[in-house]
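Have a look at the structure below before the remarks.
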Amino acid sequence: MTSPNTPISGPNLLPYYLTVFGMSAGLASVVTLLAEFRNNLGFSEFGIGVSVAAGLGAAFVAALLLGPQADRGRAPWMLRSGLLLGLAGLVVVAVATEFWQFMLGRVLMGVAFGAAQPAARRTVIVADPQNLGRNLGRLGAFDVAGFVVGPAAAAALNALGGFRVPFWTMAVLLALLIPTAWRAQSDTAAKDIERRRLIDLIRNRHLLGACAVVSAYFVFIGAFESVWILEMDHRGASQWQIGVVVTFIALPIAVLAPWGGKLAQQYGSRKWAVAMVATCAVFSALFGLFPGLLALILLTVGCGFAEGIGFPSGPMLVSASVPEDRQAAAQGLASAIEVGTAAVAALGLAAVYATVGNTAAWLVTSVTMVVLLAVGWKLTAGTGGPQPKVAQSSTK
């Protein structure tokens with residue numbers, strides 16, 4: 001984790017916050033209109049799941065390979081590259097007429113997130129360790145705020161101009177953020193000058209446990225992208241209703257995340273993260289057990305409140321497992337495991353949904369989350385407390 005003695009003076013975090021916001025809004029517009037690609041271009045439900053998995057898989061590889069570069073002083077470069085790749089991905093999606101083109105756009109957006117997320121997390125974590133929870137909460141708030149603005153804007157623009165207009169609009173938004181991203185500066189915290197290997201992190205029991213906890217949450221994310229959107233459509237929701245509901249789901253996360261980060265820092269990120277993901281696992285089971293559109297909407301909004309309070313605790317638990325000069329590598333590994341888990345979950349759960357149905361898909365989601373949480377709880381014993389000790393090495 002970062003040292004409490006690290007000077008709090010550091011780079012301006014606003015470019016990182018705004019870039020993450022813009023990229024999230026762009027991705028949210030794609031997620032919100034997945035059913036439109038099926039309806040307008042004839043993509044199958046399984047094909048939609050494959051595209052989601054491909055985007056998450058690309059993010060997995062990018063985060064794993066590029067994450068350590070932010071620990072070596074290249075965080076601003078990674079942020080800018082991520083923004084430009086996200087812009088390119090949106091343009092490709094906007095012009096796509098065939099499935100492979102849509103897949104290419106999702107892959108580009110996946111690489112964009114894999115590059116930008118570890119860079120943003122490292123900079124926010126080490127900039128002001130005394131306010132780690134608050135700052136990570138703010139980063140999460142801007143991230144999720146993109147999912148508040150994106151769906152509502154996508155639904156409105158789709159109604160006004162067709163399902164391609166939202167992607168062009170979001171591409172313009174990212175283009176407007178280019179000057180802001182170019183003002184991003186590198187942090188002044190300790191760097192990984194020894195260029196240590198990934199195996200050092202994989203041997204870290206506490207870090208692997210933290211990754212198990214956050215990957216449990218991303219099973220839920222994979223299910224949301226590949227099952228929830230299609231189930232809303234199946235239960236009779238119109239496209240504008242899906243956009244509005246996604247906004248109401250994400251709104252409490254964006255509002256509560258900074259407060260939740262403070263509480264996780266005060267009471268311990270380990271307990272906070274496990275409680276949040278366990279709550280989501282319960283809600284996942286309920287999604288499949290209660291029929292009807294209104295029930296699905298109310299349950300998902302309720303889950304959003306739990307997510308908001310616990311959202312920053314996962315990255316905080318990862319941060320507590322490693323020293324200052326390995327923060328981005330650890331966050332990159334965690335991001336890779338998160339999106340890898342979500343990719344497998346999206347693909348597998350899309351198949352379950354297509355063959356067995358909604359109830360089975362959500363029950364499988366819930367059970368898988370509980371298993372991962374149990375592993376994570378055992379491996380993270382001794383870390384992620386209210387005032388965790390400063391790690392002296394990257395292995396435990």
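Within region 18-65, track down each residue that is among the aliphatic types (A, V, I, L, M) and more than 19 Å from R121 (Cβ to Cβ). Of everything in region 18-65, those that are among the aliphatic types (A, V, I, L, M) and more than 19 Å from R121 (Cβ to Cβ) turn out to be A28, V30, V31, L33, L34, A35, L41, I48, V50, V52, A53, A54.
Would region 170-184 turn up any residue that is of a type in the set (S, T, N, Q), buried (at least 21 other Cβ atoms within 10 Å of the Cβ) and assigned to a helix (DSSP H, G or I)? No, there is no match, as no residue in region 170-184 is of a type in the set (S, T, N, Q), buried (at least 21 other Cβ atoms within 10 Å of the Cβ) and assigned to a helix (DSSP H, G or I).
Yes or no: region 73-83 includes at least one residue that is farther than 18 Å from V318 by Cα and among the aromatic types (F, W, Y). Scanning region 73-83, I find at least one residue that is farther than 18 Å from V318 by Cα and among the aromatic types (F, W, Y), so the answer is yes.
Check A281, A306 and return the single one that is touching a residue at least 60 places away in the same chain (Cβ under 8 Å) and closer than 25 Å to T380 by Cα. Answer to the selection: A281. Against the criterion of being at pLDDT below 80, among the aliphatic types (A, V, I, L, M) and buried (at least 24 other Cβ atoms within 10 Å of the Cβ), V148 qualifies. Filtering region 356-392 to residues that are surrounded by 21 or more Cβ atoms within 10 Å (Cβ to Cβ), assigned to a loop (DSSP other than H, G, I, E, B) and modelled with pLDDT of 85 or more leaves only T380.
Against the numbered list (1) among the small types (G, A, S); (2) in contact with a Pro (Cβ under 9 Å, 6 or more places away or on another chain); (3) modelled with pLDDT of 85 or more, A63 comes up short only at (3). For T123, the test of being surrounded by fewer than 19 Cβ atoms within 10 Å (Cβ to Cβ), of a type in the set (V, I, T) and either in contact (Cβ under 8 Å) with a residue 24 or more places away in the chain or in a helix (DSSP H, G or I) (or both) is failed. Residues of region 233-244 that are hydrophobic (A, V, I, L, M, F, W, C) and surrounded by fewer than 22 Cβ atoms within 10 Å (Cβ to Cβ): A237, W240, V244. Against the test of being in contact with a Leu (Cβ under 7 Å, 6 or more places away or on another chain), without any contact (Cβ under 8 Å) to a residue 24 or more places away in the chain and among the aliphatic types (A, V, I, L, M), the options V92, V148, V111 yield a single qualifying residue, V92.
The values are calculated or read from the model by the stated rules, or taken from the named source; none is laboratory data. Keep in mind the model is a prediction, meaning the values are calculated, not measured. Please note: Cβ atoms are built from the backbone with ideal geometry, for glycine as well, and neighbour counts cover all protein chains shown.
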